[in-house]
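Everything below concerns the one structure shown next.
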Ligand code: WT7
């Protein structure tokens, strides 16, 4: 593990923004002082069983009460919560609200075209979810089976997730931007027998050929016997292969709009979601029912400070964990209205978010720093036409938010009246773990501030694994003891779960992120410490995955991929490739580069498009043949110029020790190649 990121922790002297007092007519925040936060936090750490036992009774509806609140440890890898309780996530997100108030709006679907939106009541959600649950049962889906979902951002994507939860099937949502290969790998790994997808998707005015891509993936997934296809566009040219393929509308029409909920054990799996780690093979992070549900219910309530009539607008996609937790499960469990946004922030213009906030009277809004930076760059005039007065909480997630973007969010979007919550968490944590609370925490732009209830944070020395105590320390971020929503395993690979998260520092959950604890005890996330995991626009991917895509191209001999800092996307992908000289001699550089790019796009998905591909005669390697990515990263980032290679001392200063390089001449050639290629 390299500690590059940890040695240059920037100054953490930052301005402090105290929480804004509630405006006239707005609700008093659930947690309204630092004393209250501190008292609750201390209780949650000192006696998690009492704290979360009570919270689980208050916030969730149980079919059968749980026994022991918490059992197991990070050391043993057997974490479990609310043992022997019976609960159903769908019941908590839908039924209990539908029974009390069937007309209350659960989902506002804002379609790709700005003049189209649909409001859907809790009663309708119950009926639609039930119909689909009955269809799933008809096709043999039973408790514990895995169901793949590859859907655009339509209400039916939410119904599909909830229908699985209702009957105890484990959903595996694959983001609709993933390629056929990626979908295939995920369906095979999860042993799915059913896929729920759509004919096409719409996004930013473009059409995405979902069914066509799914068909390609299905060609190599013989175990999938049924494909339920939702008609988003109704394009007649979409391929359809009965009897395997069935239409969503035909099937649901014939089913009864009620289906009983399967009582699930607290620790039964609710879903898996694939994420990237340091090897090429993505891992199916496994979340269980009660702990996950409590984690997202509590964090959504306290961090977005949700009250009865609120409208929560999370701009993520349901294909990522942010969508699972803060579009679907968290807001619906709280019985508020959640926005499902099919489009992109710049379609048809850069005012789209703000039009949506105005039109639907959004009270809490949640997006990623990359979107905030892009919109800031496009100019404040896009906000002018809209009334953003309903907003109280503005959230950020996915990567560190730079102070400039934070200030813009605070001043221009929030008009200095909203709380900014920079929320730190991961697919694995299931819910937010470090964050300000709107009514309590003084904020510092760029800091995720303080841990949420029950999250016992530690900063470790990356080399010795010893805890760095006190303030003003920088190390790796770990968690000392389990909290309800932490992932329990990796699907079918518990050993990898142990090796990745629990064995690096025995007794701790290892996040993989670097962190500074400043003089006030505030946390500043520094990004991933393993440099083979990169974060582009808040999407986590592994360099190994991209390398493996590149070397599958006939002309590519070897590939090395690095992440470099990027003003807009946080990090950007740069690929270095060497060629098999005997292949494709006629390929001009341009066509080759385009082919390599499309190789990555078709193997992973368009969101993994490299910013740059450099074809180079050689890669810098150690004598034992290991690629020195440290050098590539600095060269790719432009830290070394052509004049620097002339001076050994300068080069050593900029690139560090080069004596382990098998061929020191490689560096000069590489720098030249980067300088001259485009
Ligand atoms: C990684 C997790 C959790 C939803 C989105 C991404 C980075 C996430 C923050 C933040 C600094 C952040 C971390 C983390 N990250 N939120 N507020 N400040 N970094 O989920 O794909 O599981 O990625 O995203 O590096 O480990 P994910």
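Could you calculate the FRET efficiency of residue 663 with residue 580 from 1/(1 + (r/R0)^6), where r is the beta carbon distance between them and R0 is 25 Å, rounded to 0.05? The partial results should precede the final answer.
Working: r = 19 Å, r/R0 = 0.78.
It comes out at approximately 0.80.
Obtain the nm distance between the two label points defined at residue 361 and residue 650 by a simple spin-label model: each point lies 7 Å from its Cα along the Cα-to-C-beta direction.
Going by the 7 Å Cα→Cβ label model, 6.4 nm.
How far, in nm, would the chain grow between residue 26 and residue 71 when pulled straight, counting 0.36 nm per residue and subtracting the alpha carbon separation?
Numbers: separation 45, 0.36 × 45 = 16.20 nm, distance 4.02 nm.
In short, 12.2 nm is gained.
Can you give me the C-alpha center-to-center distance between the range 383-420 and the range 77-115, rounded to a whole angstrom?
Using only Cα atoms to place each centre, the spacing works out to 27 Å.
When ranked by the protection proxy of mean other Cβ atoms within 10 Å per residue, highest first, what sequence do the peptides 611-617, 123-129, 235-241 form?
Per-residue Cβ counts within 10 Å, averaged per peptide and sorted highest first, yield 123-129, 611-617, 235-241.
Hey, with R₀ at 35 Å, roughly what FRET efficiency would residue 240 and residue 494 work out to, going by the Cβ-Cβ distance, to 0.05?
Details: r = 39 Å, r/R0 = 1.12.
Rounded to the nearest 0.05, the efficiency is 0.35.
Which percent of Cα pairs goes in each bin when the distances of the chain are cut into 20 angstrom slices starting at zero?
18, 53, 27, 2
Over the range 86-180, what per residue volume does the convex hull of the Cα atoms give, in whole Å³?
Cα-based convex hull of the range 86-180, divided per residue, equals 102 Å³.
Quick check on the range 111-260: what does the Kirkwood estimate of hydrodynamic radius come out to from the alpha carbon pairs, in Å?
So the Kirkwood estimate lands at 15.4 Å.
Can you pull the Kirkwood radius for the range 472-554, inverse mean 1/r over Cα pairs, to one decimal in Å? Spell out each step's value before the answer.
Numbers: mean 1/r = 0.0670 Å⁻¹.
Hydrodynamic radius (Kirkwood, Cα pairs) of the range 472-554 is 14.9 Å.
Mind giving me the FRET efficiency for residue 35 and residue 59? R0 is 30 Å, r the Cβ-Cβ distance, nearest 0.05 is fine. Intermediate results must be reported in sequence, preceding the final value.
Numbers: r = 23 Å, r/R0 = 0.75.
Taking R0 as 30 Å, the efficiency between residue 35 and residue 59 is 0.85.
Using Stokes-Einstein with the Kirkwood hydrodynamic radius over Cα pairs, what translational diffusion coefficient do you get for the range 157-241 at 10 °C and a viscosity of 1.306 mPa s, in µm²/s rounded to a whole number?
It comes out at roughly 119 µm²/s.
Please give the peptides 563-576, 318-331 ranked by average Cβ packing (other Cβ atoms within 10 Å per residue), highest first, as a rough proxy for protection.
318-331, 563-576
Highest mean first, how do 367-374, 191-198, 244-251 rank when packing is the count of other Cβ atoms within 10 Å averaged over residues?
In decreasing order of mean packing, 367-374, 191-198, 244-251 become 191-198, 367-374, 244-251.
Report D for the range 421-536 in µm² per second (integer): Stokes-Einstein, Kirkwood Rh on Cα pairs, 20 °C, 1.002 mPa s.
It diffuses with D of about 146 µm²/s by this estimate.
How far is it, in nm, from the label point at residue 49 to the one at residue 384 when both lie 7 Å from their Cα along the line to the Cβ?
Here the answer is 6.3 nm between the modelled labels.
What percent antiparallel are the DSSP beta bridges of the chain, to the nearest 5?
Approximately 60 percent, going by the DSSP bridge assignments.
Using a/c under 1.5 as the rounded threshold, could you call the range 275-416 rounded, prolate or oblate? The axes a ≥ b ≥ c are square roots of the C-alpha gyration tensor eigenvalues, and prolate needs a/b larger than b/c, oblate otherwise. Walk me through the intermediate numbers first.
Values: a/c = 1.97, a/b = 1.33, b/c = 1.48.
Taking the square roots of the gyration eigenvalues as a ≥ b ≥ c, the range 275-416 is oblate.
Taking only the alpha-carbon atoms of the range 283-341, what semi-axes of the equivalent ellipsoid follow from 5 times the gyration tensor eigenvalues under a square root, in whole Å, largest first?
Calculated on Cα positions only, the semi-axes equal 19, 14, 8 Å.
In Å, the Kirkwood hydrodynamic radius of the range 233-329 over pairs of distinct alpha carbons?
The answer is 17.3 Å.
Would you kindly state how much longer the chain becomes between residue 104 and residue 595 on full extension, computed as 0.36 nm times their sequence separation minus their alpha carbon distance, in nm to one decimal?
171.7 nm is the gain from fully extending residue 104 to residue 595.
Helix-only mean residue ellipticity at 222 nm, the chain, DSSP H runs n ≥ 4 weighted -39,500 (n - 2.57), per residue, nearest 500. What is it?
Helix contribution divided over all residues of the chain: -8000 deg cm²/dmol.
Fully extended, how many nm does the chain gain between residue 247 and residue 225 (0.36 nm per residue separation, minus their Cα-Cα distance)?
6.5 nm
Exposure proxy check: 252, 578 ranked by fewest other beta carbons within 10 Å?
With the fewest neighbours first, 252, 578 line up as 578, 252.
Give me the percent of Cα-Cα pairs in the range 533-677 that sit more than 19 Å apart, rounded to a whole number. Provide the component values of the computation, followed by the final result.
Working: 5361 of 10440 pairs.
In whole percent, the share of Cα-Cα pairs in the range 533-677 beyond 19 Å is 51.
What is the pair-distance distribution P(r) of the range 375-489, computed from all Cα-Cα distances in 5 Å bins starting at 0, with each bin given as a whole percent?
Result, from short to long distances: 2, 10, 17, 19, 18, 13, 9, 6, 4, 1, 0, 0 percent.
Can you give me the Rg/Rh ratio for the range 36-145, using Cα atoms for both radii and the Kirkwood formula for Rh? Don't skip to the answer; put the middle values down first.
Working: Rg = 19.0 Å, Rh = 17.4 Å.
Radius of gyration relative to Kirkwood radius: 1.10.
Only the coordinates and a few stated rules stand behind these numbers; no lab work does. It should be emphasised that the depicted structure is a prediction, and the values quoted were computed from it without experimental measurement. Positions of Cβ are backbone-derived with ideal geometry, glycine not excepted, and every protein chain shown enters the neighbour counts.
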